[in-house]
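Participant: Have a look at the structure that comes next, please.
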Protein chains: 2
Amino acid sequence: MTAAGPISLNTITVKTWTLPQVIEACARHGIRAISPWRDVVQAVGLDAAAKQIRDAGLKVTGLCRGGMFPAADAAGRAAAIEDNRRAIAEAHAIGADCLVVLGGGLPKASKDLPGAREMMREGLHAILPDARAAGVTLALEPLHPMTCADRSVLSTLGQALDLCEELGAGTGIALDVYHVWWDPDLARQMQRAKGRIAGFHVCDWKVPTTDLVFDRGMPGEGVIDIPAIRAMAETAGWQGGVEVEILSNRWWAEDPEAVMRAVKASHAFC
Amino acid sequence: MTAAGPISLNTITVKTWTLPQVIEACARHGIRAISPWRDVVQAVGLDAAAKQIRDAGLKVTGLCRGGMFPAADAAGRAAAIEDNRRAIAEAHAIGADCLVVLGGGLPKASKDLPGAREMMREGLHAILPDARAAGVTLALEPLHPMTCADRSVLSTLGQALDLCEELGAGTGIALDVYHVWWDPDLARQMQRAKGRIAGFHVCDWKVPTTDLVFDRGMPGEGVIDIPAIRAMAETAGWQGGVEVEILSNRWWAEDPEAVMRAVKASHAFC
């Protein structure tokens, strides 16, 4: 198997750092790409962030994150759509390859999962013209089914690909091994994903996992056969390296410099 | 929508009770069916358990649980198969409608998920003749994908139905709403499940969920639209009522009598 492509650092992995700190550390560690979260960009201001990233010569593999469309009322849904339009503009401004788009969870007190999925679909249709106009790919990211109630009614790669096929140009998939590794239908869906992968995220599934959101492992710490999934992604046309995105209370408690070293060491497990 | 059929009490819901205590409480509360775990049966002895259940006139909707086939070496896999043969004999002895069969997790230190799924498949083929001879349906229970690493490489209803189709007579599905509610392919798979549902388990998905195994809610405490899934099951031919199976550190800390009252009250949410 070939080695994994270059690392992109998702800023949530070192979430106590500001954008300038991330940029400085990437330069020192030889990391040439990042994927920032919106709050990190907004904290320094959009124009300043765009200039800092450009001046550093960093590739931007994505902006995290848009989506989260379902809401209990029409005003909430309209607000989500407006916020996504701002996110698309931000992604364009910083030269991001894509805007990572999450499904969002059930509206408060709702048990209507099909209804929430329809709200997600309507939201995507609403923002697609903006994304196309800005040249920003909407990278639909299915999240692990354990997040269905409160974070993502977009649960499987197959479901995300169905949406891509419906929406057409301007959409793609953000594939995170953590969210799809368990899927018995993965190999077949990865064939369907040909030409549609817009981001490839890595972390690992620890045994045991003690939190449904914030207990991800560094690649190598868990049981996911990351190279096997990467090989499927590459067969599907992906050539963009590995974005390391670790949501972890344990790693967040470490010195970010130690995290940077661990990120680089984890490349061998990708 | 019609009301849910009669309750069956899965003994794990009141796990501090012995089988005689469960039987006595069911009589007092007007519950006419149970689904015991093997340790509860074994604690009083198989013959005594069978007689007590028979004398009480209780229906046995299932025996929990067989399966768990993947193992790191051939001896471990053979031991699992032998244990499943004993479980089939126990299910037959207590007159259970089915043996609930779990996939089992990855073997220790393994990242080979396809390999573990093949071990599961081979284990099922190995015990199928015993199940057929005993007249015990193997009820394949897909578990939530969050249990894939350590409990169940059988992750979706679609995957379980593929196995049923391959294995044929003597197999069916144990459908637990907790494990399948999130599935975007659920409606389609429930049509495939016609005539194959051998058990219908209920509990609820709480928001937030704080433990990957032991934080299930009583029906009504969470976000699962249980009546909608029950309607799909009934359209697929299920007429067997609702088995209440709550794995919950919180409910286990309650007085089992209070749990019994909550189980009965939860019927309105099924």
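Participant: With a probe of 1.4 Å, find how much accessible area the stretch B:153-270 has per residue, and write the answer as a whole number in Å².
Facilitator: 34 Å²
Participant: Under a 5 Å amide H to amide H cut-off, with H placed in plane at 1.01 Å, what residues pair with residue B:198 once short-range neighbours are removed?
Facilitator: Residues meeting the criterion, in which the H sits 1.01 Å from N, are B:173, B:174, B:175.
Participant: Now a separate question. Okay, helix-only estimate at 222 nm for chain A: each DSSP H run of n ≥ 4 adds -39500 (n - 2.57), divide by all residues, round to 500 deg cm²/dmol; what do you get?
Facilitator: Calculated from helices alone, the mean residue ellipticity at 222 nm is -13000 deg cm²/dmol.
Participant: So, counting K/R as plus one and D/E as minus one, what does the shell of residues with Cβ under 12 Å around residue B:157 add up to?
Facilitator: Working: positive: B:188, B:192, B:196; negative: A:185, B:141, B:162, B:176, B:183, B:185.
Neighbour charge sum, excluding residue B:157 itself: -3.
Participant: Each residue of the stretch B:35-44 in order: what ³J(HN,Hα) in whole Hz does its phi give by Karplus 6.51 cos²θ - 1.76 cosθ + 1.60, θ = phi - 60°, with x for Gly and Pro?
Facilitator: 9, x, 8, 4, 5, 5, 5, 5, 5, 9
Participant: Hey, what's the Cα Rg ratio for the stretch A:1-110 versus the globular rule of thumb, 2.2 N^0.38 Å?
Facilitator: 1.19
Participant: Rounded, prolate or oblate, given the Cα gyration tensor of the stretch B:174-222, with a/c below 1.5 counting as rounded?
Facilitator: Prolate is the answer for the stretch B:174-222, as a/c is 1.5 or above and a/b outweighs b/c.
Participant: For residue A:59, give me every one of the lysines with a C-alpha distance below 24 angstrom, ignoring sequence neighbours fewer than eight places off in its own chain.
Facilitator: The qualifying lysines are A:15, A:51, A:194, A:264.
Participant: Taking H as built 1.01 Å from N, whose amide H comes closer than 5 Å to the amide H of residue B:137, not counting residues under 5 places away?
Facilitator: Here B:99 satisfy the definition.
Participant: At 7 angstrom along the Cα-to-beta-carbon line, where would the label on residue A:255 sit relative to the other copies? Give the distances in nm, shortest first.
Facilitator: Counterpart label points of residue A:255 in the remaining copies fall at 5.6 nm.
Participant: While we're looking at this one, here's another question. Net charge near residue B:116: determine it from the other residues with C-beta under 15 Å of the C-beta of residue B:116, scoring Lys and Arg +1 and Asp and Glu -1. Present the calculation step by step, with values, prior to reporting the outcome.
Facilitator: Numbers: positive: B:77, B:108, B:111, B:117, B:121, B:151; negative: A:183, A:225, B:73, B:112, B:118, B:122, B:150.
That works out to -1.
Participant: Related question: Classify the stretch A:132-270: rounded, prolate or oblate, from the alpha-carbon gyration tensor (a ≥ b ≥ c, eigenvalue square roots; a/c under 1.5 rounded; otherwise prolate if a/b is larger than b/c)?
Facilitator: Here the stretch A:132-270 falls in the prolate category.
Participant: Just by accessible area at a 1.4 angstrom probe, what is the order of A:214, B:69, B:269 from largest to smallest?
Facilitator: If we order A:214, B:69, B:269 from most to least accessible, we get B:269, A:214, B:69.
Participant: Excluding residues fewer than 8 places away in the same chain, name every one of the aspartates and glutamates whose C-alpha is closer than 12 Å to that of residue B:111.
Facilitator: A:204, A:221, A:225, B:150
Participant: Quick check: Cα centre of the stretch A:92-112 to Cα centre of the stretch B:221-263, how many Å?
Facilitator: Distance between centres, Cα-based: 32 Å.
Participant: Show me the three semi-axes of the equivalent ellipsoid for the protein assembly as shown, from the C-alpha gyration tensor (sqrt of 5 times each eigenvalue), largest first, rounded to whole Å. Each step should come with its number before you reach the end.
Facilitator: On the way: eigenvalues 405, 122, 84 Å².
Value: 45, 25, 20 Å, ordered largest first.
Participant: Could I have the simple spin-label model distance between residue B:16 and residue A:3, label points 7 Å from Cα toward Cβ, reported in nm to one decimal?
Facilitator: Here the modelled spin labels are 5.8 nm apart.
Participant: Rounded to the nearest 0.05, what FRET efficiency do residue A:42 and residue A:162 have when you use their Cβ-Cβ distance and R0 = 41 Å?
Facilitator: 0.80
Participant: With all protein chains present, calculate the accessible area of residue B:182 using a 1.4 Å probe and round the result to the nearest 10 Å².
Facilitator: Accessible surface of residue B:182 is approximately 0 Å².
Participant: Could you give the radius of gyration (one decimal) and Dmax (whole number) of the Cα atoms in the stretch A:50-195, in Å?
Facilitator: 15.1, 48
Participant: Work out from phi, with θ = phi - 60° and the Karplus expression 6.51 cos²θ - 1.76 cosθ + 1.60, the ³J(HN,Hα) of each residue of the stretch B:92-108, listed in order in whole Hz, and give x for Gly and Pro.
Facilitator: Taking θ as phi minus 60°, the curve returns 4, 5, 9, x, 6, 5, 7, 9, 6, 10, 9, x, x, x, 5, x, 3 Hz for the stretch B:92-108.
Participant: Net charge around residue A:135, counting only other residues with Cβ within less than 14 Å of its Cβ (Lys, Arg = +1; Asp, Glu = -1)? Please report the intermediate quantities before stating the final value.
Facilitator: Details: positive: A:132; negative: A:90, A:97, A:130.
Net charge in that neighbourhood comes out at -2.
Participant: When the solvent-accessible surface of protein heavy atoms is calculated with a 1.4 angstrom probe, in what order do A:224, A:7 fall, highest first?
Facilitator: So, going from the largest accessible area down, we get A:7, A:224.
Participant: Another one. Kindly report, to the nearest 10 Å², the accessible surface of residue A:65 as traced by a 1.4 Å probe over protein heavy atoms only.
Facilitator: 80 Å²
Participant: Once phi is turned into θ = phi - 60°, what whole-Hz ³J(HN,Hα) does the Karplus curve with 6.51, -1.76 and 1.60 give for every residue of the stretch B:160-168, x standing for Gly and Pro?
Facilitator: 5, 5, 4, 5, 4, 5, 5, 7, x
Participant: OK, next. Name the shape class, rounded, prolate or oblate, that the alpha-carbon gyration tensor gives for the stretch A:7-269, where a ≥ b ≥ c are the square roots of its eigenvalues, rounded holds for a/c under 1.5, and otherwise prolate holds if a/b is larger than b/c and oblate otherwise.
Facilitator: rounded
Participant: Note the distances from residue B:187 to each other copy's matching label point, with points 7 Å along the Cα-to-beta-carbon direction, in nm, sorted shortest first.
Facilitator: 3.0
Participant: Further question on the same structure: If I model a spin label at residue A:75 and residue B:257 as a point 7 Å from the Cα along the Cα→Cβ vector, what separation in nanometres do I get?
Facilitator: Going by the 7 Å Cα→Cβ label model, 4.9 nm.
Participant: Could you run the numbers on buried accessible area between A and B, total for both chains, 1.4 angstrom probe, in Å² to the nearest 100?
Facilitator: Buried area (both sides, nearest 100 Å²): 2200 Å².
Participant: May I pose another question? Residues with amide H under 5 Å of residue A:66's amide H, sequence separation 5 or more or different chain, H placed in the peptide plane at 1.01 Å from N; which?
Facilitator: Residues meeting the criterion, in which the H sits 1.01 Å from N, are A:100, A:101, A:102.
Participant: Another question, then. Of B:33, B:186, B:253, whose Cα points farthest to the positive end of the dipole of chain B (charges on the beta-carbon: +1 Lys, Arg; -1 Asp, Glu; origin at the Cα centre)?
Facilitator: It is B:33.
Participant: Leaving out ligands, DNA and RNA, and with a 1.4 Å probe, what % of the accessible surface on chain A is carbon or sulfur?
Facilitator: Result for chain A: 54 percent of the exposed heavy-atom area is carbon or sulfur.
Participant: What are the nm distances, shortest first, from residue B:210 to its equivalents in the other copies, labels at 7 Å along Cα→Cβ?
Facilitator: Ordered by increasing distance: 1.4 nm.
Participant: To the nearest 20 debye, what charge dipole does chain B have about its Cα centre, counting +1 at the Cβ of each Lys and Arg and -1 at the Cβ of each Asp and Glu?
Facilitator: Numbers: 27 positive and 32 negative charges, 71 e Å.
That gives chain B a dipole magnitude of about 340 debye.
The values are calculated or read from the model by the stated rules, or taken from the named source; none is laboratory data. Only a predicted model underlies this, so the values are computations on that prediction, with no experimental measurement involved. Virtual Cβ from ideal backbone geometry, glycine too; neighbours counted across all protein chains shown. Please note that ligands, DNA and RNA were not included when accessible areas were found on the heavy atoms of the full protein model with its side chains. Shrake-Rupley method; radii C 1.70, N 1.55, O 1.52, S 1.80 Å.
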